[in-house]
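Here the structure comes first, spelled out in structure tokens, and everything after it is commentary.
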Amino acid sequence: MLAKAYRLQRNSEFRYVYARGRSAATPLLSLVQVKSGPPGCLRVGFSVSKKVGGAVVRNRVKRRLRAAFRELLPQVTPGRKLIFVARPAAAEADYDKLRRDMRGLLRRAKLLRPGPQ
RNA sequence: UGAGCGGGCUGGAUGGCUGCGGCGGCGUUGGCCGACGAGGAAAGUCCGAGCUCCAUAGGGCAGGGUGCCGGGUAAUCCCCGGUGGAGGCGACUCCAAGGAAAGUGCAACAGAAAGAAACCGCGUCUGCAGGACGUAAGGAUGGAAAGGCGAGGUAAGAGCUCACCAGCGGCCUGGCGACUUGUCCGCUAUGUAAACCCCACCUGGAGCAAGAUUGCGGGGAGAGCGGGGCGGCCCGUCCCAUUCCCCAAUAAUCGCUUGAGCCCUCUGGCAACAGGGGGCCUAGAUAGAUAGCCAUUCUCGACAGAACUCGGCUUACAGGCUCGACUCACAGA
RNA sequence: GGAGAGAUAUCGAAGUGGUCAUAACGGGCCGCACUGGAAAUGCGGUGUACCCUACCGGGUACCGCGGGUUCGAAUCCCGCUCUCUCCG
């Protein structure tokens with residue numbers, strides 16, 4: 001999991017990112033991101049709608065996404081607010097697939113700095 | 001041995017590293033340690049309550065709900081025990097099961113006629129291509145045709161009379177009661193109340209996004225015999241008048257978890273349940289906590305995630321365990 | 001989390017106990033007419049599944065799904081499924 005400091009906390013923050021952000025997508029996920037806040041600050045949120053599945057499925061997807069992001073966190077450029085939106089196919093995907101897609105999206109957004117794997 | 005019936009329980013396990021949530025303790029900016037951390041349905045939101053605000057929630061009407069009887073409960077449309085009906089060889093299961101003799105409506109098509117019926121037929125009279133009267137035994141229609149069947153009776157017929165049977169009402173017997181027994185008396189009334197309705201009982205409205213407190217901001221009305229609240233109407237009643245009303249996806253804190261609670265046991269009761277004694281504290285988030293990786297193991301894991309809290313109902317569910325002085329069939333003693 | 005509304009043909013919809021869905025009415029689509037060609041207009045047709053039939057054609061079922069009440073249900077009652085709206 002992620003510490004609270006790294007999470008988007010308010011509905012208003014989510015709305016800000018959706019309004020101002022730029023998006024990219026894979027079949028499993030889409031990423032909306034915007035440059036915001038002080039340089040060292042990094043905030044991320046996860047959105048899983050009812051189209052993905054029931055409460056149990058949505059909780060599982062969200063937990064996997066948070067775990068994957070925690071693994072990638074040291075490599076991510078700070079100074080951004082990010083939202084990962086799960087698409088319906090994410091319900092069937094395992095942890096490795098979700099992490100691979102997340103890494104790909106971050107690289108396309110040029111937010112992944114080279115570092116130790 | 002096989003096939004069933006009715007309950008009850010369970011819903012992968014163990015360990016390591018890295019993490020999450022609130023709580024407690026220690027530190028006192030950042031941390032460290034500790035125990036705890038989703039369900040039997042957490043679901044649907046179908047009932048009933050607590051709680052909060054609207055008046056300390058009051059009367060009438062309307063509207064809504066319930067509907068065999070008795071009991072249980074904080075309460076219920078729930079539960080238990082009985083009555084009646086339906087199904088099953090049986091254990092047992094299922095049933096919105098008051099009133100159609102208070103009144104009204106509806107019953108398409110067909111049929112003469114759908115409730116106090118005359119089309120054909122049958123009989124009598126008239127004296128005739130027909131008409132009048134009587135008649136519900138027969139035909140035909142329909143889901144349903146005026147209780148069934150036999151005998152007497154008659155012009156022909158008819159509960160008109162009688163026997164048996166069926167139903168309804170009364171009386172008697174038993175039962176707190178639903179209801180029931182009867183060799184008694186009277187009657188023959190169509191169906192529909194998940195049509196209006198009648199009867200009995202219950203029912204004010206909204207919902208934790210309720211609501212309370214604190215703080216920031218915006219807009220409007222203003223000397224009004226009126227305005228506002230009690231979201232159907234009337235009554236009744238309360239509040240306001242130098243303040244009142246409205247808007248805001250503005251924020252924080254509270255509401256927020258100890259409760260008709262759970263476990264064991266005794267007593268009363270057929271039971272639901274009640275009472276006494278002892279023990280226990282068991283999520284409380286607010287973009288919303290259980291995850292990631294690894295190892296071992298088994299029968300390879302169903303439906304599924306708390307959001308104010310309880311009691312029920314309904315629906316979903318892989319498999320496993322268990323109880324019964326439960327049933328049937330076959331075989332043996 | 002809470003409160004409410006709806007589901008009828010390809011689409012929008014009417015029908016609220018019979019005869020009666022001729023699935024009305026409107027849009028769309030197809031064909032014909034008009035035109036040099038089109039638009040507009042007019043006329044006709046147009047649901048799905050199963051069954052019968054050599055052909056023409058005909059029958060039955062389907063009003064989101066499953067039960068119930070009733071002689072009879074798209075309509076009344078109960079239980080599900082899905083969709084949409086509102087409440088800070």
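Every number here is computed from the coordinates shown, using simple stated rules; none is lab data. Being a predicted model, the structure only gives us computed values, none of them experimental. Because the Cβ atoms are built from the backbone with ideal geometry, glycine has one as well, and the counts that use them run over all protein chains shown.
Observations, loosely collected:
- Max mean-square fluctuation residue, GNM over chain A, Cα-Cα springs under 10 Å, options A:LEU29, A:LEU105, A:LEU72: A:LEU72
- Charged-residue dipole, Cβ positions (Lys, Arg, Asp, Glu), chain A about Cα centre, Debye nearest 20: 260 debye
- In chain A, helical runs assigned H by DSSP with n ≥ 4 each contribute -39500 (n - 2.57); averaged across all residues and rounded to the nearest 500, the mean residue ellipticity at 222 nm is -11500 deg cm²/dmol.
- For chain A, lysine pairs with C-alpha atoms less than 18 angstrom apart, excluding pairs fewer than eight positions apart on the same chain, total 9.
- Of the DSSP H helices in chain A, those whose Cα atoms cover at least 24 Å axially and whose Kyte score averages -1.0 or more: A:55-72
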